[in-house]
Amino acid sequence: MTTLKEQLHEDLTAAIKARDELRSSTIRLTLSAVTSEEVAGDEKRELSDDEVQRVIAREAKKRREAAEAFDKAGRTEQAVRERAEGELLATYLPKQLSDEELAAIVAAAVAESGASGPQAMGAVMKLVKPKVEGLAEGGRVAAAVKAALV
């Protein structure tokens, strides 16, 4: 079985051969971010698939935020490209939880902790976070917990 980093390298080679500029540039930037993460710190190390997934998720989030910024600035062409890059990166990530699935996990955590009111948000987040790691963005999780505690 190939690692996620190897898969990215193979996909980059295929994209270059197919002359797919969007795909090749997006994967290049992502591999660059992975390499930067590997050499950060005191010594170089090889990232695990989970760590590579976190880097890809961070890059995808950057694309979504950039698309929103371009939309606000009236630069729709760049926003469309950023969204396309984000969607391409999403193919390397696990399927995200739907709002209903996330709400069910949060409701179970609220019931388990017996929490009520916004001051208990930290306790509920502590229970929810390990269950949704990599499956839902932190902002979405926080919003769902906040809604459940109001």
Original post:
Mind checking which pairs have a first residue in the range 94-109 that is at negative phi and in contact (Cβ under 8 Å) with a residue 40 or more places away in the chain and a second that is among the acidic types (Asp, Glu) and surrounded by fewer than 20 Cβ atoms within 10 Å (Cβ to Cβ), Cβ under 9 Å, 6 or more apart or different chains?
Top reply: 96/137
**OP:** Check the range 103-118 and report whether any residue there is closer than 20 Å to residue 133 by Cβ and outside the structural domain of residue 145 (by TED's automatic domain parsing).
**Re:** no
Original post:
What number goes with the only condition from (1) under 12 Å from the mean Cα position of the chain (by Cα); (2) surrounded by 15 or more Cβ atoms within 10 Å (Cβ to Cβ) that residue 85 does not pass?
Top reply: (1)
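Residue by residue, here is whether (1) within 24 Å of residue 3 (Cα to Cα); (2) not aromatic (Phe, Trp, Tyr) holds:
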site	(1), (2)
24	yes, yes
34	yes, yes
70	no, no
75	no, yes
88	yes, yes
100	no, yes
**OP:** Can you work out which of the residues in the range 13-51 that are polar (S, T, N, Q) and surrounded by 14 or more Cβ atoms within 10 Å (Cβ to Cβ) is nearest to residue 94 (Cα to Cα)?
**Re:** 30
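Residue-wise test of (1) under 13 Å from residue 87 (Cα atoms); (2) modelled with pLDDT of 90 or more; (3) part of a helix (DSSP H, G or I).
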position: 26; (1), (2), (3): yes, yes, yes
position: 31; (1), (2), (3): no, yes, yes
position: 34; (1), (2), (3): no, yes, yes
position: 41; (1), (2), (3): no, no, no
position: 56; (1), (2), (3): yes, yes, yes
position: 59; (1), (2), (3): yes, yes, yes
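One line per residue, one yes/no per condition, for (1) hydroxyl-bearing (Ser, Thr, Tyr); (2) part of a helix (DSSP H, G or I); (3) under 30 Å from residue 21 (Cα atoms):
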| residue | (1), (2), (3) |
| --- | --- |
| 65 | no, yes, yes |
| 89 | no, yes, yes |
| 105 | no, yes, no |
| 108 | no, yes, no |
| 122 | no, yes, no |
| 135 | no, no, yes |
| 144 | no, yes, no |
Original post:
For the subset of the range 110-141 comprising residues that are within 25 Å of residue 91 (Cα to Cα) and free of Cβ contacts under 8 Å to residues at least 24 places away in the same chain, which member is surrounded by the fewest Cβ atoms within 10 Å (Cβ to Cβ)?
Top reply: 130
**OP:** For the range 41-58, state whether one or more residues are touching a Phe, Trp or Tyr at 6+ places or on another chain (Cβ under 6 Å) and not assigned by TED's automatic domain parsing to the domain that holds residue 140.
**Re:** yes
Original post:
Got at least one residue in the range 9-17 being among the basic types (Lys, Arg), at pLDDT 95 or above and out of contact with any Lys or Arg (no Cβ under 9 Å at 6 or more places or on another chain)?
Top reply: yes
**OP:** Please find, among 54, 64, 75, the residue that is touching a residue at least 40 places away in the same chain (Cβ under 8 Å) and surrounded by 14 or more Cβ atoms within 10 Å (Cβ to Cβ).
**Re:** 54
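The values are calculated or read from the model by the stated rules, or taken from the named source; none is laboratory data. This one's a predicted model, so the numbers in the text were calculated from it and none came from an experiment. Quick reminder, even Gly has a Cβ in these numbers, built from the backbone with ideal geometry, and neighbours come from all protein chains shown.
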